[in-house]
1. Tell me the accessible surface of residue 95 in square angstrom (1.4 angstrom probe, heavy atoms of protein chains only), to the nearest ten.
2. List the residue ranges in the chain for DSSP H helices whose C-alpha atoms run 18 angstrom or more along the long axis and whose Kyte-Doolittle average is -1.0 or above.
3. Roughly to the nearest percent, how much of the accessible area of the chain is carbon and sulfur, given a 1.4 Å probe?
4. By average Cβ neighbour count within 10 Å, what is the ranking of 407-415, 470-478 from highest down?
5. Rank by packing, highest mean first: peptides 388-400, 113-125, 338-350, with packing defined as the count of other Cβ atoms within 10 Å averaged across residues.
6. Just order 127-139, 289-301 by mean Cβ neighbour count inside 10 Å, highest at the front, would you?
7. Once the dipole of segment 38-167 is set up with Lys and Arg at +1 and Asp and Glu at -1 on Cβ about the Cα centre, which of 114, 96, 153 lies farthest towards its positive end?
8. For the chain, what number of Lys pairs, 8 or more residues apart or on separate chains, have alpha-carbon atoms under 27 Å from each other?
Amino acid sequence: MASTLPDPSPDTGGTGESTTDTPLVDPHVTATRIETHGIDHIPDSERHGRARELFSVWAAGGINYLSLVVGGALVLMGLNLWQALGVLVVGNLFWILTGWLSVSGPAAGAPSEVITRALFGVIGNRVNNAIVGWVISVCYFALNLAAAAVAAFSLVAKVGIPVNTGVKAAVIVVIAALTLTISVYGHALIMKLYLPIALVLAAAFAVVAVVIVQHADFGYVPEHHLTGVDLWATVLAGVTLIAAGPLSYTTSADFSRYLPRTTPKRSIVGWTALGGFLPGVVVSGMGVLAATTVDMTDPQAALEKILPGWFAPVFLLALVLGTVALNALTAYSAGLALQAVGLRIRRSVSVLFDGAAAVALTLYGLLISNFLDTVNNVLALTVVLLGPAMTIYATDIVLRRNRYDGPALTDESPGSPFWYRGGVNWAGALSLLAGAALSALCVDTLYFTGPISAALGHVDLALPVGMVVSCVCYTLTMRRSVAPRNVTTP
């Protein structure tokens with residue numbers, strides 16, 4: 001029995017699945033209706049669209065304030081201009097992995113949260129979705145919402161409204177409501193809205209880019225020149241910081257699952273990766289250049305000083321819009337993760353639950369304590385889990401040659417081919433634990449430094465070690481057990 005309750009539809013009899021061989025509704029019309037599918041299988045008769053539509057989805061989510069902040073952080077860490085630019089290019093190459101995971105969506109007609117049952121088993125995958133899928137997503141939602149709220153506070157102040165506690169709470173709730181509206185309406189609305197959003201954001205950030213380039217110091221040299229171990233430690237930390245973005249999207253199949261199963265894999269990988277890579281490099285690069293001339297410890301205030309006065313409100317609105325686009329994707333996937341944990345609730349309800357949790361975290365963090373600062377540092381540890389989790393997923397696609405039986409994946413009974421032993425695929429579970437454990441030994445963060453990292457002079461090897469170990473372990477333990485009954489030929 002599938003742990004989902006699709007939103008009722010008179011055309012599907014409440015099952016969320018088509019009973020005919022032709023599409024039930026025009027995909028363009030569905031943008032004005034709440035998506036009926038949750039983690040249930042998408043039949044071939046309801047598949048539509050082209051791979052190139054994925055570009056705007058990832059591009060709109062990538063043109064955001066946090067990318068500017070992260071780019072500036074590379075310079076604040078002590079890297080010079082060209083080192084920082086090199087680091088952000090390497091870190092953004094991890095979008096190729098995000099694109100590779102996307103190919104499993106059309107193959108299975110299911111979201112990532114269901115496909116990963118093949119990796120961890122029906123029960124094991126519930127734990128995976130609870131931690132990697134839901135908790136981490138809600139934390140990212142809260143952090144992004146906080147960033148948007150700070151920009152909105154400045155915008156409210158510019159129109160003469162006192163920014164007191166009540167106003168702050170109202171602003172946070174309004175931004176969250178806009179975000180969750182997109183997430184609740186779901187996939188079709190995201191596909192329809194994100195191209196115009198990407199174009200609007202690109203235009204706004206183009207103005208910012210021109211101003212930054214005019215002020216940038218292309219001969220910038222940091223006050224303290226890094227060399228030797230200190231340089232390598234900073235470079236690796238920077239790559240990990242940038243890579244955390246694409247690695248957080250182990251759910252990229254959520255947005256490709258409606259594509260026809262015959263969609264070329266190279267197109268899915270290419271458009272997804274390009275949609276994440278280009279904004280990641282350009283917007284983070286703007287942050288790097290800005291840090292050569294302004295104090296990026298407070299990016300919003302610093303950039304407002306060099307931007308034309310008339311453009312400041314537009315810039316603030318762009319910051320809010322970019323974060324809304326990014327968080328709508330996060331909330332959408334978090335809603336699917338909550339269903340995949342085993343809660344029998346509709347996707348629209350699960351999205352609202354995610355939003356409520358994120359709003360509570362944001363209100364607490366901005367109005368009561370420095371909680372979000374703590375979460376921000378803790379999220380540096382998420383690479384310990386995200387790196388191995390994404391690697392195992394990518395490896396499984398290779399081992400199965402991207403042949404996934406979507407209907408079989410929705411079967412959560414003990415007779416399911418993905419029940420394995422006691423509901424757990426121990427090959428996947430132990431590979432994830434091994435990769436995460438060794439990664440933790442190599443991590444270096446504000447709150448925890450692994451013994452291996454300490455011995456190496458605080459060089460953080462958590463990302464490469466976790467990914468390599470999990471890949472090797474999963475390949476050795478799983479390649480002979482991928483039986484024909486677990487796959488289907490499209």
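1. Here the residue's solvent-accessible area equals roughly 20 Å².
2. What comes out of the filter, once short or polar helices are dropped, is 136-158, 165-185, 187-215, 228-247, 265-291, 312-341, 347-367, 383-399, 426-441, 462-478.
3. Carbon and sulfur: 68 percent of the exposed surface of the chain.
4. 470-478, 407-415
5. Those peptides, ordered most packed to least, come out 113-125, 388-400, 338-350.
6. Highest to lowest by the protection proxy: 127-139, 289-301.
7. Most positive-ward Cα: 153.
8. 4
The values are calculated or read from the model by the stated rules, or taken from the named source; none is laboratory data. Remember, predicted model here, so these are calculated numbers, not experimental data. Glycine also receives a Cβ, built like all others from the backbone with ideal geometry; neighbour counts cover every protein chain displayed. Surface areas here come from the heavy atoms of the whole protein model, side chains and all, with no ligands, DNA or RNA. Shrake-Rupley method; radii C 1.70, N 1.55, O 1.52, S 1.80 Å.
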